[in-house]
Amino acid sequence: MRARSLPILIVFFIGLIVLFVWLRGPQPQPPASPAPAVSVSLSDLAPIPNWLEINDYQSTISRPAFLRQMDGVFTVSPAWRQFFQVNDDHVLVTTAPGETFRLRFAPEGLESAPPRFWRKPSQLGPAAPEKPLEGVKIAIDPGHIGGRWAKMEERWFQIAGSQPVQEGDMTLAVAKLLKPQLEAMGATVTLVREQTEPVTPIRPEMLREEADKNNGDGTLAQRAERLFYRTAEIRARAKIVNETIKPDIVLCLHFNADAWGNPNAPTLVPADHFHMILNGAYTDDEVALGDQRHELLLKMLQGIHDEEVALATSAASAFVERTAMPPYIYTAASGRARNVDANPYLWARNLLANRIYHCPVLYYEPYVMNSEEDHARIQAGDYDGLREVAGKRRPSIFREYADCVALGLERYYRAQRPAR
Ligand SMILES: [Zn+2]
């Protein structure tokens with residue numbers, strides 16, 4: 001080929017390419033990558049919600065049931081309607097500014113079954129009389145971390161001359177007593193953590209940049225610590241629960257407390273109380289967050305609330321029967337809780353740990369760690385049988401807790417499943 005013809009060839013090929021592109025016409029745009037759509041507000045460390053997964057829940061709820069749960073369980077004011085436009089046969093949920101997801105309602109009585117990994121007792125079939133929990137998959141989430149992290153997570157106090165009180169150690173102690181009891185009744189039980197160490201590999205130092213984005217109380221280092229133990233840790237636990245364990249229920253174990261003031265010279269109070277927390281009561285600020293709207297819908301569409309009410313009713317009555325603890329009552333002023341089912345022990349609150357676990361969650365808040373009586377019981381430690389503690393013969397606080405949880409579950413599953 002002569003060198004002179006090269007420029008002509010180049011022009012010819014460029015012309016061909018231009019013609020080809022022109023003939024193909026406008027191309028469909030690739031689906032927008034999630035990143036640019038995120039002018040939507042999200043919670044701390046929340047992944048971008050995948051709205052397409054809600055497609056699996058088309059026609060699983062009727063319009064009246066949707067409205068009943070939104071107004072009666074999941075929110076605290078009508079402000080949610082800013083983000084959910086309810087029409088006759090569908091609702092448009094805001095996913096990002098100017099973007100919506102369309103969820104079809106089912107005609108009443110024609111709801112299709114929602115997909116979910118957890119099973120109701122009626123799906124588990126009959127059980128042997130001595131094994132009412134046969135086949136039930138249970139995850140126990142011992143609340144907080146404890147150990148050397150207890151002071152950082154503000155779950156530590158100590159009265160001079162006595163043992164420190166660390167909630168994360170105590171919940172783990174209860175979990176370890178409870179596991180064999182549930183297994184003896186036929187359940188498969190997994191602890192979400194087995195040590196007083198975090199489940200997440202993330203550490204506070206890694207969260208400074210993230211903490212710098214929001215203006216909370218305290219120094220940057222303290223905000224990074226809170227993001228670590230309150231958020232990253234719970235998100236890591238949820239990943240284990242939702243992706244690995246896939247249980248029928250999660251038991252979140254906590255000990256409650258009243259304000260103790262200085263952790264090195266804590267105030268002891270005479271009061272004692274107990275309550276259980278169900279997912280619900282999303283505040284207006286929370287409904288305004290895209291990830292929380294997504295999670296709210298998953299909770300509602302999977303029918304989790306009704307199962308939580310049934311379970312928690314049994315769980316609370318067993319606790320109250322054994323301990324006679326009075327209910328903890330949230331004041332209306334808190335604006336973050338609503339009473340459930342007119343049961344003084346059941347309260348709906350939107351906590352990270354009951355929102356992002358994709359199954360019914362039993363969230364226990366018994367005892368008051370800094371009450372005079374419970375503090376004495378905690379100091380007495382774990383023991384077998386009965387002992388005189390704070391003027392009364394009684395079991396260790398840890399065993400009493402485990403026994404009450406086991407009894408509530410035993411009764412619930414026994415009542416709900418036919419005997420084999
Ligand atoms: Zn707690």
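Inside the range 47-91, residues that are of a type in the set (A, V, I, L, M, F, W, C) and more than 18 Å from T283 (Cα to Cα) make up a count of 8. Put simply, of A402, A415, A324, A419 the only residue that is more than 16 Å from the ligand (Cβ to nearest atom), open to solvent by less than 20 Å² (accessible area, probe 1.4 Å) and under 27 Å from K179 (Cβ atoms) is A402.
When the residues of the range 104-133 are filtered to those that are closer than 18 Å to D306 by Cα and over 26 Å from the mean Cα position of the chain (by Cα), which remaining residue is least open to solvent (accessible area, probe 1.4 Å)? Spell out how you get there, then give the answer.
Taking the range 104-133 as the starting set, the residues that turn out to be closer than 18 Å to D306 by Cα are 108-109, 111-124.
Add one more test, that the residue is over 26 Å from the mean Cα position of the chain (by Cα), and what stays is 108-109.
Values: E108: 128, G109: 67 Å².
Taking the candidates together, the pick is G109.
Enumerate the pairs (first residue in the range 302-319 and within 13 Å of V73 (Cβ to Cβ); second residue anywhere and open to solvent by 20 Å² or more (accessible area, probe 1.4 Å) and acidic (D, E)) with beta-carbon separation below 6 Å, excluding pairs fewer than 6 apart on the same chain, so at least 6 apart or on different chains. From residues that are within 13 Å of V73 (Cβ to Cβ), the pairs are V309/D341.
Evaluating R102 against the criteria (1) closer than 30 Å to A419 by Cβ; (2) of a type in the set (D, E, K, R); (3) assigned to a strand (DSSP E or B) leaves one unmet condition, (1). Among the residues of the range 157-177, those that are away from the ligand (no atom under 16 Å from the Cβ) and closer than 27 Å to Y412 by Cα comprise K176, L177.
Out of E194, E130, E205, E111, I need the residue that is out of contact with any Cys (no Cβ under 7 Å at 6 or more places or on another chain), under 19 Å from V250 (Cβ atoms) and away from the ligand (no atom under 16 Å from the Cβ). Which one? Steps first, answer last, please.
Working: E130 fails: under 19 Å from V250 (Cβ atoms); E205 fails: under 19 Å from V250 (Cβ atoms); E111 fails: under 19 Å from V250 (Cβ atoms).
Step by step, each of E194, E130, E205, E111 is checked, and only E194 is out of contact with any Cys (no Cβ under 7 Å at 6 or more places or on another chain), under 19 Å from V250 (Cβ atoms) and away from the ligand (no atom under 16 Å from the Cβ).
Scan the range 375-392 and give yes if some residue there is more than 16 Å from the ligand (Cβ to nearest atom), charged (D, E, K, R), open to solvent by less than 40 Å² (accessible area, probe 1.4 Å) and touching a Ser or Thr at 6+ places or on another chain (Cβ under 9 Å), otherwise no. Taking every residue of the range 375-392 in turn, at least one turns out to be more than 16 Å from the ligand (Cβ to nearest atom), charged (D, E, K, R), open to solvent by less than 40 Å² (accessible area, probe 1.4 Å) and touching a Ser or Thr at 6+ places or on another chain (Cβ under 9 Å). Answer yes or no: is there a residue in the range 286-296 that is assigned to a helix (DSSP H, G or I) and of a type in the set (G, A, S). Scanning the range 286-296 turns up at least one residue that is assigned to a helix (DSSP H, G or I) and of a type in the set (G, A, S). When the test is whether a residue is out of contact with any Pro (no Cβ under 6 Å at 6 or more places or on another chain) and assigned to a loop (DSSP other than H, G, I, E, B), H305 does not pass it.
Could you check the range 146-156 and list, in sequence order, the residues that are in contact with a Phe, Trp or Tyr (Cβ under 8 Å, 6 or more places away or on another chain) and within 11 Å of the ligand (Cβ to nearest atom)? Talk me through it step by step, then tell me what you get.
Filtering the range 146-156 down to residues in contact with a Phe, Trp or Tyr (Cβ under 8 Å, 6 or more places away or on another chain) leaves 149-150, 152-153.
Hit for the range 146-156 is E153, nothing else.
Of the residues contained in the range 274-285, one or more are found to be out of contact with any Lys or Arg (no Cβ under 7 Å at 6 or more places or on another chain), in a helix (DSSP H, G or I), modelled with pLDDT of 95 or more and more than 16 Å from the ligand (Cβ to nearest atom). Only a single criterion out of (1) more than 30 Å from P121 (Cβ to Cβ); (2) open to solvent by 20 Å² or more (accessible area, probe 1.4 Å) is not satisfied by V199, namely (1).
Beta carbons closer than 7 Å, at least 6 apart along the sequence or on distinct chains, pair a first residue in the range 390-414 that is in contact (Cβ under 8 Å) with a residue 60 or more places away in the chain and farther than 17 Å from D141 by Cβ with a second that is open to solvent by 60 Å² or more (accessible area, probe 1.4 Å) and not in a helix (DSSP H, G or I) for R399/D382. The one condition from (1) within 16 Å of the ligand (Cβ to nearest atom); (2) in contact with a strand residue (DSSP E or B) (Cβ under 7 Å, 6 or more places away or on another chain) that A259 does not meet is (2). Residues of the range 331-366 that are hydroxyl-bearing (S, T, Y) and more than 16 Å from the ligand (Cβ to nearest atom): T331, S334, Y345.
Conditions tested, residue by residue: (1) out of contact with any Leu (no Cβ under 7 Å at 6 or more places or on another chain); (2) more than 30 Å from G98 (Cα to Cα); (3) within 16 Å of the ligand (Cβ to nearest atom); (4) open to solvent by 20 Å² or more (accessible area, probe 1.4 Å).
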site	(1), (2), (3), (4)
V241	yes, yes, no, no
D248	yes, yes, no, no
A271	yes, yes, no, yes
D291	no, no, no, no
K299	yes, no, no, no
D306	yes, yes, no, yes
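Close Cβ contacts (under 9 Å, 6 or more residues apart or on different chains) running from residues in the range 243-260 that are without any contact (Cβ under 8 Å) to a residue 60 or more places away in the chain to residues that are among the hydroxyl-bearing types (S, T, Y) and more than 9 Å from the ligand (Cβ to nearest atom) comprise T244/T190; A259/T267.
Being out of contact with any Gly (no Cβ under 7 Å at 6 or more places or on another chain), in contact (Cβ under 8 Å) with a residue 24 or more places away in the chain and within 19 Å of R411 (Cα to Cα): is that true of P129 here? So P129 fits the description; yes.
Please give the number of the condition A184 fails out of (1) without any contact (Cβ under 8 Å) to a residue 60 or more places away in the chain; (2) within 16 Å of the ligand (Cβ to nearest atom); (3) surrounded by fewer than 20 Cβ atoms within 10 Å (Cβ to Cβ); (4) not polar (S, T, N, Q). All conditions pass for A184, except number (2).
The values are calculated or read from the model by the stated rules, or taken from the named source; none is laboratory data. Owing to the predicted nature of the structure, the values given are computational and were not obtained by experimental measurement. Glycine gets a Cβ as well: all are built from the backbone with ideal geometry, and neighbour counts include every protein chain shown. These area figures cover heavy atoms from the full protein model, side chains too; ligands, DNA and RNA do not enter into them. Shrake-Rupley method; radii C 1.70, N 1.55, O 1.52, S 1.80 Å.
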